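Engineer: The following block contains the structure, expressed as structure tokens.
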Amino acid sequence: MLESDVAVIGGGVIGASIAYYLSKENRKVVLLEKDQLACEASGACDGFITLQTKRPGIQLDLAIKSRKMFSGLTEELGRSIEYRKSGSMIVIEEESQLDLMEKFVDSQRQAGLDVNIVDNKEARRLEPALSEHIAGASYCPSDGLVNPMLLTIAFALAAEKHGAKICTGTEVSSIKAEGGKIRSLRTNLSEVKTNVVVNAAGIYASFVGAMVGINIPIKPRRGQLVVTQPSPLFIRSGLNDARYLLTKLWPDQVRGSEDELDKLSGGLAVEQTESGNVLIGSTREFVGYDKGVTIEGITAMIRRSTRIIPRLRQLFAIRAFAGLRPYTPDGLPIMDMVNNLESFVIAAGHEGDGIALSPITGKTVAEMITEGKVDPSLNSFSLGRFEKDHTQTTGEANPR
Ligand SMILES: Cc1cc2nc3c(=O)[nH]c(=O)nc-3n(C[C@H](O)[C@H](O)[C@H](O)COP(=O)(O)OP(=O)(O)OC[C@H]3O[C@@H](n4cnc5c(N)ncnc54)[C@H](O)[C@@H]3O)c2cc1C
């Protein structure tokens, strides 16, 4: 039998980050991953640390704190995570989108973000690969890119260095609680004695919640991506387009649109990785747990991206894949300690922002556990915001 102070369920970027920040605080941590590290969303995504796609308010504030942490992270974790302060750009294709973008950028600047609207000439000076037809762009020089898989692995290995035990191929099947307190977990390999459980199971967080009778409203939202052959660097920043923002933040504005990528609630998301491959995305679809790619998705992403970045036409697409984002109904993650069950912690539901928010989530959740309470400033991330009484049973584990 394994013994720990804290058992973290899920070896994605969120679980690995929490394991790292907790073990740094000398907590005895066990990280339990049913398959391999970064085998789900954290290994099937982009690496944008783009703040200019976030709404001003609690979401942007959290992202600003997280982005600051990235600058020292490579050194702190002691291995490459392919982080670079690349800048990010939202391409404004049509003049008619300028007004909305100017207002949005204004609100972000007021919230402390270093973002500007630039004209066609400046946008193409910054990103020479952009098409001549664009109206302009918004540009944020402090945004960055990271390799999500390397980041997840770096968090886990750094946690291991601080004494955490990383158990892959270890699936949690039940959680035992007595008198409203967590006692242990059962996995396919053994029992794990623990007082604290962190549910960082991404799209499976609702199943882990069900093990203790708690309803967690997280569901999968598919994102498809196309990968090109490697090429010398010709795209510097993380690139989105204004329609990406519309489908993400104001979906009502594109409802009924005939555009093929709008129909998949998608938008332009293009980055060139350190190895030279270009990642072209993405869609936002509710299709259950289906991780397949579709002709409609691939065609829509390639048409939109080659229109905005014509040079992409010269590259071969070598692969396509899809990941499942952990979606919550209001687009904010859940970071909370469940009231009626001591100490069941939830850290999941980061949808399309989990990579960017991973350092601050790890630090915040580690503090929550070491202090044994949830700071009132985290109210917006509570489970309770979704329903008044989310607990089906109090303190009773799901016997399986
Ligand atoms: C196409 C796409 C593009 C994206 N682009 C970006 C981006 O540019 N920037 C950004 O910030 N975010 C992006 N995201 C979002 C980001 O990928 C996610 O928010 C993040 O990876 C979620 O991490 P996680 O650790 O919560 O979940 P996951 O990575 O899914 O990890 C959860 C882990 O829990 C494990 N698990 C589940 N149940 C059990 C169990 N019972 N026992 C043991 N282990 C269990 C799973 O195997 C899994 O490994 C993107 C997502 C997609 C799909």
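The values are calculated or read from the model by the stated rules, or taken from the named source; none is laboratory data. The model shown is predicted, which means the values in this text are computed figures rather than measured ones. A quick note on method: Cβ atoms are made from the backbone with ideal geometry, for glycine too, and the neighbour counts reach across all protein chains shown. Heavy atoms of the whole protein, side chains included, go into the accessibility calculation; ligands, DNA and RNA do not. Shrake-Rupley method; radii C 1.70, N 1.55, O 1.52, S 1.80 Å.
Engineer: Please give the net charge around Pro251, taking every other residue with its beta carbon less than 10 angstrom from that of Pro251, where Lys and Arg add +1 and Asp and Glu add -1. It would help to have the intermediate numbers written out before the result.
Structural biologist: Working: positive: Lys248, Arg255, Arg284; negative: Asp252, Asp262.
Charge balance in the 10 Å sphere: +1.
Engineer: From the helices alone, meaning DSSP H stretches of at least four residues, give me the mean residue ellipticity at 222 nm for the chain, per-run term -39500 (n - 2.57), in deg cm²/dmol to the nearest 500.
Structural biologist: On the way: 10 runs with 106 residues, N = 400.
Using -39500 (n - 2.57) per qualifying helix, the result is -8000 deg cm²/dmol.
Engineer: Take the chain, connect every pair of alpha-carbon atoms lying under 10 Å apart with a spring to form a Gaussian network, then pick out the residue of Pro326, Pro359, Pro217 with the largest mean-square fluctuation.
Structural biologist: Its mean-square fluctuation being the largest, the pick is Pro217.
Engineer: In terms of Cα to Cα distance under 26 Å, which lysines are near enough to Lys248, apart from those fewer than 8 places away along the same chain?
Structural biologist: Lys248 reaches Lys54, Lys65, Lys68, Lys85, Lys103, Lys219, Lys263, Lys291.
Engineer: Apply the a/c threshold of 1.5 to the C-alpha gyration tensor of the chain and tell me whether it is rounded, prolate or oblate.
Structural biologist: Values: a/c = 1.87, a/b = 1.78, b/c = 1.05.
Note, shape of the chain comes out prolate.
Engineer: Just the number, please: percent antiparallel of the DSSP beta bridges in the chain, rounded to the nearest 5.
Structural biologist: Values: 46 of 68 bridges.
The answer is about 70 percent antiparallel.
Engineer: For the chain, with the dipole built from +1 on Lys and Arg beta-carbon atoms and -1 on Asp and Glu ones, taken about the Cα centre, which of Ile92, Thr168, Thr299 lies farthest toward the positive end?
Structural biologist: So the residue furthest toward the plus end is Thr168.
Engineer: When the Cα centres of the range 171-220 and the range 297-371 are compared, how far apart do they sit, in Å?
Structural biologist: 21 Å
Engineer: So which aspartates and glutamates pass the test for Lys181, namely a Cα distance under 20 Å, with those fewer than 8 places away in the same chain ruled out?
Structural biologist: Partners within reach: Glu3, Asp5, Glu191, Asp336, Glu342, Glu367, Glu371, Asp389, Glu396.
Engineer: What ranking do 331-338, 200-207, 80-87 get when scored by the average of other Cβ atoms within 10 Å per residue, highest first? Numbers along the way, then the final one.
Structural biologist: On the way: 331-338: 22.6, 200-207: 24.2, 80-87: 17.9.
Ranked from most to least packed, the peptides come out as 200-207, 331-338, 80-87.
Engineer: Among residues other than Val105 whose Cβ falls under 12 Å from its Cβ, what is the net charge (Lys/Arg +1, Asp/Glu -1)?
Structural biologist: Numbers: positive: Lys103, Arg109; negative: Asp99, Glu102, Asp106, Asp114.
Net charge around Val105: -2.
Engineer: Still on this structure, I have one more. Quick one: pull the percent of accessible area on the chain belonging to carbon and sulfur, 1.4 Å probe, ligands and nucleic acids left out.
Structural biologist: Values: 7920 of 16600 Å².
Carbon with sulfur: 48 percent of the solvent-accessible area.
Engineer: Then there is this: Taking the Cα-to-Cβ direction at Arg385 and at Gln229 and moving 7 Å from each Cα, how far apart do the two end points lie in nm?
Structural biologist: So the label points at Arg385 and Gln229 sit 4.7 nm apart.
Engineer: Next question. For the range 25-146, what is one quarter of the convex hull surface built on the Cα atoms, given in nm²? Kindly include the intermediate steps, with their values, before the conclusion.
Structural biologist: Numbers: hull surface 40.5 nm².
The Cα convex hull of the range 25-146, projected and averaged over all directions, gives 10.1 nm².
Engineer: Trp250 to Thr306: extension gain in nm, 0.36 nm per residue of separation minus the Cα-Cα distance? Show your work: numbers first, answer last.
Structural biologist: Details: separation 56, 0.36 × 56 = 20.16 nm, distance 2.44 nm.
Extra length from Trp250 to Thr306 when fully extended: 17.7 nm.
Engineer: Classify the range 81-153 as rounded, prolate or oblate from the Cα gyration tensor: take a ≥ b ≥ c as the square roots of its eigenvalues, call it rounded if a/c is under 1.5, otherwise prolate when a/b beats b/c and oblate if not.
Structural biologist: Working: a/c = 2.55, a/b = 1.51, b/c = 1.69.
Verdict is oblate for the range 81-153.
Engineer: Let me ask another. Please give the peptides 125-133, 293-301 ranked by average Cβ packing (other Cβ atoms within 10 Å per residue), highest first, as a rough proxy for protection.
Structural biologist: Working: 125-133: 14.7, 293-301: 17.9.
The most tightly packed comes first, giving 293-301, 125-133.
Engineer: Now, a different point. Considering the dipole of the range 207-345 built from charges on the beta carbon (Lys and Arg +1, Asp and Glu -1) around the Cα centre, which of Ala210, Leu315, Val338 is farthest to its positive end?
Structural biologist: The residue sitting most towards the positive pole is Leu315.
Engineer: Might you report the magnitude of the Cβ-based charge dipole of the chain about its Cα centre, with Lys and Arg at +1 and Asp and Glu at -1, to the nearest 20 debye?
Structural biologist: Values: 46 positive and 49 negative charges, 130 e Å.
The calculation lands at about 620 debye.
Engineer: OK, next. Sort the range 43-112 into rounded, prolate or oblate with this rule: let a ≥ b ≥ c be the square roots of the eigenvalues of the Cα gyration tensor; rounded if a/c is under 1.5, and if a/c is not under 1.5, prolate when a/b is larger than b/c, oblate otherwise. Could you put the intermediate results ahead of the total?
Structural biologist: Numbers: a/c = 2.90, a/b = 1.80, b/c = 1.61.
Taking the square roots of the gyration eigenvalues as a ≥ b ≥ c, the range 43-112 is prolate.
Engineer: Now for a separate question. Starting from the 7 Å offset along Cα-to-Cβ, what nm value, one decimal, do you get for the label separation of Asn339 and Glu94?
Structural biologist: In this crude label model, Asn339 to Glu94 measures out at 4.7 nm.
Engineer: Lys and Arg at +1, Asp and Glu at -1: add these up for the other residues within a Cβ distance under 13 Å of Ile280 and post the number. Don't skip to the answer; put the middle values down first.
Structural biologist: Values: positive: Arg303, Arg304, Arg307, Arg311, Arg313, Arg319; negative: Asp46, Asp241, Glu271.
My count for the surroundings of Ile280 gives +3.
Engineer: Give a residue-ordered list of calculated ³J(HN,Hα) values for the range 324-338 (Karplus: 6.51 cos²θ - 1.76 cosθ + 1.60, θ = phi - 60°; whole Hz; x for Gly, Pro).
Structural biologist: Per residue, the Karplus-derived 3J(HN,Hα) values read 10, 6, x, 8, 10, x, 10, x, 9, x, 9, 9, 7, 10, 6 Hz.
Engineer: Counting heavy atoms of the protein chains only and a 1.4 Å probe, report the per residue accessible area for the chain as a whole number of Å². Present the calculation step by step, with values, prior to reporting the outcome.
Structural biologist: On the way: 16600 Å² over 400 residues.
On a per-residue basis, 42 Å².
Engineer: Something else about it: Cut-off 10 angstrom, C-alpha nodes, Gaussian network model of the chain. Which of Pro56, Pro230, Pro376 fluctuates the most?
Structural biologist: Per the Cα network of the chain with a 10 Å cutoff, Pro376 tops the list.
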